[in-house]
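Structure first, then comments.
Laboratory data are not the source of any read-out in this text; all were calculated from the coordinates shown. These figures come from a predicted structure and were not determined experimentally. When we count neighbours, we look across all protein chains shown, and the Cβ atoms used for this are built from the backbone with ideal geometry, even at glycine.
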Amino acid sequence: MSDARTSVDAAADASAALAAVLAHFGAVTGTLHFLDVGGQLCLAAMHGPLPPPVIEHIRVIPVGKGMAGECARLDAPVSWCNLQQDDRGVVRPGARATGMAGSIVVPVRDAGRLVGTLGIATASERMFTEAETDDLMRAAAAMVRFRPARGVS
C-alpha cells in the first residue's frame, strides 16, 4: 500500500490531490486552506458533499476558529472521533451540518513554517491512528506546491 504523499505527488492540481487523499483514507469530505497575507485561512480546494452555507463559512477562517483555525493556532493536528459530539466548543455548527463524524485537520508546513491546513472527514466515527496522522502530515507537506506564490488573496 502506498502512502498518501505518493498520491499527492502524482496529482496535477490541488483538487485532484485532495480527492486522492480522501480516497487513500476512505474519507468523504476534505478541505485545503492556505494562510493569506492577513493571517487568515483561505480555502484553496475542497472535495465532497458540503452544503452551500458550510462552503460560505469555510471560505475564510480566522486562526483559532473551528477545527482548521484551531489546528493553525496550535500548529498541530486536531481530531475528533465524532464531530456531532464535541463538548469542548471547538467544532463549529457548520461542521456539524456536514453530517460527518470522524475528522482530522493537520498543519501544512513549508520549511517548518505553518502555511495552511489540510482536513478530512469520514461519515462514521473514527479515531485516526498515529501512523495515519503521520501519513496525512506527509501528504500535507506535499500540498505546499499548490500554495499561491504570494499567499492567498
Query raised in the report: Regarding the stretch 103-146, what is the average projected area of its C-alpha convex hull, in nm²?
Result: 3.2 nm²
Report task. Quickly work out the Leu43-to-Asp134 label distance, labels modelled 7 Å from Cα along the C-beta direction, and quote it in nm with one decimal. Result -> 3.4 nm
Report summary line: The set of residues whose placed amide H lies less than 5 Å from the amide H of Ala45, leaving out same-chain residues fewer than 5 positions away, is Leu32
Query raised in the report: Once amide H atoms are built 1.01 Å from N in the peptide plane, which residues 5 or more positions from Thr29, or in another chain, come under 5 Å H to H?
Result: Ala121
